[in-house]
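Engineer: Next up is a structure, given as structure tokens.
The values are calculated or read from the model by the stated rules, or taken from the named source; none is laboratory data. Everything numeric in this text was worked out from a predicted model, so none of it was measured. With ideal geometry, Cβ positions are generated from the backbone for all residues, glycine too; neighbour counts draw on all protein chains shown.
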Amino acid sequence: MGIGGFLASQAERDHHRYLRRATKARVRRSCDGEVEREVHAVLGPVGVEEAVSRQVALSLLKVESAAERSDDLPDAERGLKRSGGQSVGVTEFLLKLGEGLEEVTTLRMYVSALTIGMGYLIGGVIPLLPYLLIPRAHIALIYSSVCTGIVLLIFGAVKTRVTGAAGEGAGGYLWGTLTTLAVGGAAAAAAYGIVARLEVPRMK
């Protein structure tokens, strides 16, 4: 699962780079009026007037044009100017605000792999731990279900707190914990049911 998370982030990075090159080429081929219309298509729905969008488009084109003429750019091959570690220009504007895409860094790929891998590792060890400590499987199943339920309740409370879904009262925490328990319990029950149905009957 960790490798899967890494590959997913890597694919997202490669897709972002492809769209950046395509958008950059499209901006170069387009006239100022076409770029202004694209910028207004992003800003117009949020209430920005067309005249203001035109000014924004011209400013972004000016910044990107200046970046392309610069000789000491660390990313000169991409024609982008860095300002405080962030890409600027109309290309980056269309990618971030028009497409909702952010550049995926190498650090983010490794962090994604680590968090997903450790999450599945810890999430898998907790239900299996009682089976390693208790010799009777049917008793271990009870302890496993109880431990997993407690962890799901704790996770639901933490998730509700971090996401801000708790609101102002205890009802938000209660809803977050119970829904997490219900979803996790349903998934566990489905997995148990599938394995039980596929279990080969013992030979008499």
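Engineer: What residue, among those in the stretch 97-118 that are at pLDDT below 85 and of a type in the set (Gly, Ala, Ser), is nearest to TYR192 (Cα to Cα)?
Structural biologist: GLY100
Residues are listed down the side, and each one gets a yes or a no for (1) within 16 Å of ALA191 (Cβ to Cβ); (2) at pLDDT below 85; (3) of a type in the set (D, E, K, R):
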position	(1), (2), (3)
LEU133	no, no, no
ALA137	yes, yes, no
TYR143	no, no, no
LEU152	yes, no, no
GLU168	no, yes, yes
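Engineer: Here is a further query. Filter the stretch 102-155 down to the residues that are touching a Gly at 6+ places or on another chain (Cβ under 9 Å) and assigned by TED's automatic domain parsing to the domain that holds GLY193, then identify the one that is farthest from LEU19 (Cα to Cα).
Structural biologist: SER145
Engineer: Given the residues ALA51, ALA57, which is the only one that is touching an Asp or Glu at 6+ places or on another chain (Cβ under 6 Å), farther than 24 Å from VAL111 by Cα and modelled with pLDDT of 80 or more?
Structural biologist: Working: ALA51 fails: touching an Asp or Glu at 6+ places or on another chain (Cβ under 6 Å).
None of the other options fit; the residue is ALA57.
Engineer: Go through the stretch 11-31 and give me each residue that's exposed (fewer than 11 other Cβ atoms within 10 Å of the Cβ) and touching a residue at least 12 places away in the same chain (Cβ under 8 Å).
Structural biologist: Within the stretch 11-31, no residue meets the criteria.
Engineer: Could you look through the stretch 94-113, keep only residues that are more than 30 Å from VAL35 (Cα to Cα) and small (Gly, Ala, Ser), and pick out the one that is nearest to the chain's Cα centre (by Cα)? Outline the logic, then answer.
Structural biologist: Within the stretch 94-113, the first condition is being more than 30 Å from VAL35 (Cα to Cα), and the residues that meet it are 106-113.
When the remaining residues are screened for being small (Gly, Ala, Ser), the result is 112-113.
Working: SER112: 9, ALA113: 12 Å.
In this case the residue turns out to be SER112.
Engineer: For the stretch 164-193, give me each residue that is hydroxyl-bearing (Ser, Thr, Tyr) and in contact with a helix residue (DSSP H, G or I) (Cβ under 8 Å, 6 or more places away or on another chain).
Structural biologist: So the first thing to find is which residues in the stretch 164-193 are hydroxyl-bearing (Ser, Thr, Tyr), and the list is 173, 177, 179-180, 192.
Hits for the stretch 164-193 are TYR173, THR177, THR179, THR180.
Engineer: Considering only the stretch 78-96, state which residues are farther than 21 Å from ALA8 by Cα and at pLDDT 85 or above.
Structural biologist: Quick first cut of the stretch 78-96, residues farther than 21 Å from ALA8 by Cα only: 78-94.
Correct list: VAL90, THR91, GLU92, PHE93, LEU94.
Engineer: Also, quick follow-up: Evaluate the following for GLU64: is it charged (D, E, K, R) and modelled with pLDDT of 85 or more?
Structural biologist: Judged against the criteria, GLU64 is not a match.
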